[in-house]
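Chemist: Okay, here's the structure, questions in a sec.
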Amino acid sequence: MDATLFDKLVSIRRHLHQNPELSFTEFKTAAFVESQLAGLAIPTERLALTGVIGTLKKGEGPTVILRADMDALPIDEESGVAFPSLTEGVMHACGHDIHTTMLLGAAHLLNDAHFAGTVKFVFQPAEEGPMRSPEPGKSGAQLIMESGRLTGDAILGLHVHPLLPVGVLSYRLGEALANVGNFSIRITGKGGHPGFMRGVIDPIAIAARLITGAHGLVGPQPEVPVAVLAITYVSTETNPSFNVIPNQVLLQGSLRANKMADYDDIIRRLRVLIGELEMEYGCTIVLEFSAYYPSLLNDEGLHERLAPVYEKVFGAGKLSPGLAYLVGEDFSFYSRVIPGQFYFLGAKTDQNDQYFLHHPKVTFNEDCIKYGASFLAEGALRLLQS
């Protein structure tokens, strides 16, 4: 990548960083992306409300998809960079500004390249979750795939990693990132006076049993955990009182497991536990899931086909097997239908030794843009040729 293009991409990244938008509100970001692609004479279409797909076709051949996410997070920035967010309470703390920038860089590089086939550039909204979704509970990738308007032979994606050195690419094959589900459990008992417990079905006591039992379904975990069931919110949805037992308790939480089979088994056993408590106490317990990301699948065949690209872009010894993080990534909706590979790209700055994604002080090294844009472009060319 020449210095002129790199400087242009840094400028783009800083513009995006200063103007973050939350999931399904990325209207200005989408318009900016469209204007950048129009400058390359790459036609675009809108889908999933604020999503943009650019299509670069040069003759007949395979179709390779490159994807970046665009949304930011509801965080007050404390990164200390010279170009902080100009939108109060919103920050690109997950690096999606860099993802978008790298994909625009790949578009520049591929626009000048010779190949036979089609490259689709997917600028996706709402990876961070289904908040404000036009279809409740569904993220940007889920809406795009369910639209039926995105098809291809392979798909590639990158995610910056703020604690991984620049110039290093990390990967995992098979189920690479977690199955993640957000759930609510509503316990309905029978409230009353603490001095007359005979007529009470105490939902708080039932909740305590349920929380303890639910944690036991996952059990002790190794140093690198493979599953977690976390209760993140508890509410009686009434005003506090010392002498009134409420009718209901609401629990909310997150279920995560690296393997889909484990995830499904935990849900099965949770339903059994709920049924047992209902029988024992004579209460009603309703379990509902409001969002779900399946585990992301990385394709071993694609990984092997891309071997020459790893060395060309990063050099020898810069490809690193990664850990099984219990995080969700809606790239999974693509990879469950289209053969895909998703990577973590080193983006560590000298001043950051501890802050990970979604932290108000996280920073990202802009030198990673050279590697990311080049890898996406070279990866697409390799897959088009092979």
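Chemist: What percentage of the solvent-accessible surface of segment 1-124, computed with a 1.4 Å probe over protein heavy atoms, is contributed by carbon and sulfur atoms?
Modeler: Carbon plus sulfur share of accessible area: 54 percent.
Chemist: What angle do you read, to the nearest 10 degrees and between 0 and 90, between the alpha-carbon axis of helix 27-38 and the longest principal axis of the chain?
Modeler: Helix 27-38 and the main axis of the chain meet at about 20 degrees.
Chemist: Continuing with this model, one more query. Given springs between every Cα pair under 10 Å in a Gaussian network model of the chain, which of GLY140, GLY340, GLY317 has the largest fluctuation?
Modeler: GLY317
Chemist: Please grab the % of Cα pairs in the chain that end up more than 32 Å from each other.
Modeler: Values: 28849 of 74305 pairs.
Summing the P(r) of the chain above 32 Å gives 39 percent of all pairs.
Chemist: Next up: Which one of LEU323, LEU66, LEU16 has the biggest mean-square fluctuation once the chain is modelled by GNM with Cα springs under 10 Å?
Modeler: LEU323
Chemist: Nothing charged except the Cβ atoms of Lys and Arg (+1) and of Asp and Glu (-1): what's the magnitude of the dipole of the chain about its Cα centre? Round to the nearest 20 debye. Please report the intermediate quantities before stating the final value.
Modeler: Working: 30 positive and 42 negative charges, 87 e Å.
So the magnitude is around 420 debye.
Chemist: Quick one: helix 203-218 against the long Cα principal axis of the chain, what's the angle to the nearest 10°, folded into 0 to 90?
Modeler: Helix 203-218 sits at roughly 50 degrees to that axis.
Chemist: Can you work out ³J(HN,Hα) from phi for every residue in segment 148-157, in order, using Karplus 6.51 cos²θ - 1.76 cosθ + 1.60 and θ = phi - 60°, giving whole Hz and x for Gly and Pro?
Modeler: x, 9, 10, 9, x, 9, 6, 9, 10, x
Chemist: Now for a different question. What lysines does LYS318 reach when the alpha-carbon gap must be under 21 Å and sequence neighbours fewer than 8 apart in one chain are set aside?
Modeler: LYS348, LYS370
Chemist: Could I ask something else about it? For segment 233-249, take each phi angle, set θ = phi - 60°, evaluate the Karplus expression 6.51 cos²θ - 1.76 cosθ + 1.60, and give the result in whole Hz per residue in order, putting x for glycine and proline.
Modeler: Taking θ as phi minus 60°, the curve returns 7, 9, 8, 8, 6, 9, 6, x, 8, 7, 10, 10, 8, x, 7, 9, 9 Hz for segment 233-249.
Chemist: To continue, here is another question. Rg and Dmax of segment 137-176, Cα atoms, in Å?
Modeler: Calculated on Cα positions, Rg and Dmax stand at 14.3, 38 Å.
Chemist: List the pair-distance distribution P(r) of segment 67-131, using every Cα-Cα distance, as the percent of pairs falling in each 10 Å bin from 0 up to the bin containing the longest distance, rounded to whole percents.
Modeler: Calculated P(r), rounded to whole percents: 20, 40, 26, 12, 3.
Chemist: Got a number for carbon plus sulfur as a percent of segment 257-386's accessible area, 1.4 Å probe?
Modeler: Values: 2980 of 5930 Å².
Looking at segment 257-386 in its full context, I get 50 percent from C and S.
Chemist: While we're here: Give me the tail of P(r) for segment 9-130 as a percent: Cα-Cα pairs with distance above 27 Å.
Modeler: For segment 9-130, the share of Cα pairs beyond 27 Å comes to 18 percent.
Chemist: Moving to a separate point now. Below 14 angstrom from the Cβ of GLY39, what's the summed charge of the other residues (Lys, Arg +1; Asp, Glu -1)?
Modeler: Around GLY39, the surrounding residues sum to -1.
Chemist: Per residue, how many Å² of accessible area does the chain show with a 1.4 Å probe?
Modeler: On the way: 16710 Å² over 386 residues.
Accessible surface, normalised per residue, equals 43 Å².
Chemist: Can you list the equivalent-ellipsoid semi-axes of segment 179-319, largest first and in whole Å, using the square root of 5 times each Cα gyration tensor eigenvalue?
Modeler: Over the Cα atoms of segment 179-319, the ellipsoid semi-axes are 45, 14, 12 Å.
Chemist: Which of these, ARG269, ARG13, ARG172, has the largest mean-square fluctuation under a Gaussian network model of the chain (Cα springs below 10 Å)?
Modeler: Result: ARG269 has the largest fluctuation of those listed.
Chemist: Which peptide among 255-263, 186-194, 281-289, 373-381 comes first, and what is the full order, when sorted by highest mean count of other Cβ atoms within 10 Å?
Modeler: With the highest mean Cβ count within 10 Å placed first, the list reads 373-381, 255-263, 186-194, 281-289.
Chemist: How far apart, in nm, are the 7 Å Cα→Cβ label points at ILE204 and SER184?
Modeler: Modelled inter-label distance: 2.2 nm.
Chemist: Determine by what factor the alpha-carbon radius of gyration of segment 312-373 differs from 2.2 N^0.38 Å, reporting the quotient.
Modeler: Segment 312-373 yields a ratio of 1.33.
Chemist: With both partners inside the chain, how many of the DSSP beta bridges are antiparallel, as a percent to the nearest 5?
Modeler: Restricted to the chain, the bridges split so that about 70 percent are antiparallel.
Chemist: Sticking with this one: Hey, what number do you get for the chain at 222 nm if only DSSP H runs of n ≥ 4 count, each worth -39500 (n - 2.57), divided across all residues, to the nearest 500?
Modeler: One gets -10500 deg cm²/dmol as the mean residue ellipticity at 222 nm.
Chemist: Highest mean first, what order results for 95-107, 111-123, 76-88 on Cβ atoms within 10 Å?
Modeler: Values: 95-107: 26.7, 111-123: 18.9, 76-88: 14.2.
Ranked by mean Cβ neighbours within 10 Å, highest first: 95-107, 111-123, 76-88.
The values are calculated or read from the model by the stated rules, or taken from the named source; none is laboratory data. From a predicted model like this one, the values you see are computed outputs, not experimental measurements. A quick note on method: Cβ atoms are made from the backbone with ideal geometry, for glycine too, and the neighbour counts reach across all protein chains shown. Ligands, DNA and RNA are excluded from the accessible area calculation, which covers all protein heavy atoms including side chains. Shrake-Rupley method; radii C 1.70, N 1.55, O 1.52, S 1.80 Å.
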